[in-house]
Amino acid sequence: WPSMIQLVYVSVSTQPLTSVLAISDLLDQARRNNERAGITGALTFTRDHFVQILEGPAEALDDLLVKLRADPRHHDVKVLDRLPIVCRRFAQWGMIAPRFTPDHQQALQSLLDRADAGLEQYTDLLSRMIVEQDQKLPKAN
């Protein structure tokens, strides 16, 4: 088996991230590409930063990072943390972008402001956002 890793990176957007349509297009593209590469993860953003957690085979993530660093939609891609994993936290999603509340936005910004914030803190925040979003969705009969 290829070794599995999880990483978190942040980058600076070249455009203000205010268009839902632009984010939707980005997610659709990420889902298609990630599914082919065996990558799962979660993406969130502030007005000017992307924050993404990626999981998958180390080689696939390394290839993706090369593409991400060349993507003109953002710059200053920084991998904050990278760890081997046994199981995925975001296995159900090629790429999910949970909706966030003002509290989530504040928590995300405080992580971005901390030099020592690592994979665990970002993963916990995005996981919490997903759980809270799922709890607010109407239940199917």
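The values are calculated or read from the model by the stated rules, or taken from the named source; none is laboratory data. Computed from a predicted model, the values in this text were never measured in an experiment. Don't worry about glycine lacking a Cβ; one is built from the backbone with ideal geometry, like all the others, and counts go over all protein chains shown. We work out accessible area using only protein heavy atoms, side chains counted, and drop any ligands, DNA or RNA first. Shrake-Rupley method; radii C 1.70, N 1.55, O 1.52, S 1.80 Å.
V131 - would you say it is open to solvent by 20 Å² or more (accessible area, probe 1.4 Å) and under 16 Å from S11 (Cα atoms)? No: the conditions fail for V131. Out of I85, I5, one residue alone is in contact (Cβ under 8 Å) with a residue 40 or more places away in the chain and surrounded by 16 or more Cβ atoms within 10 Å (Cβ to Cβ). It is I5.
If only residues of the stretch 100-116 that are of a type in the set (A, V, I, L, M) and at pLDDT 85 or above are counted, the one that is farthest from P84 (Cα to Cα) is A107. Taking (1) crowded, with 19+ Cβ neighbours inside 10 Å; (2) at pLDDT 90 or above in turn, H75 satisfies each apart from (1). Taken over the stretch 108-124, residues that are among the hydrophobic types (A, V, I, L, M, F, W, C) and either open to solvent by 70 Å² or more (accessible area, probe 1.4 Å) or within 18 Å of Q92 (Cβ to Cβ) (or both) amount to 1.
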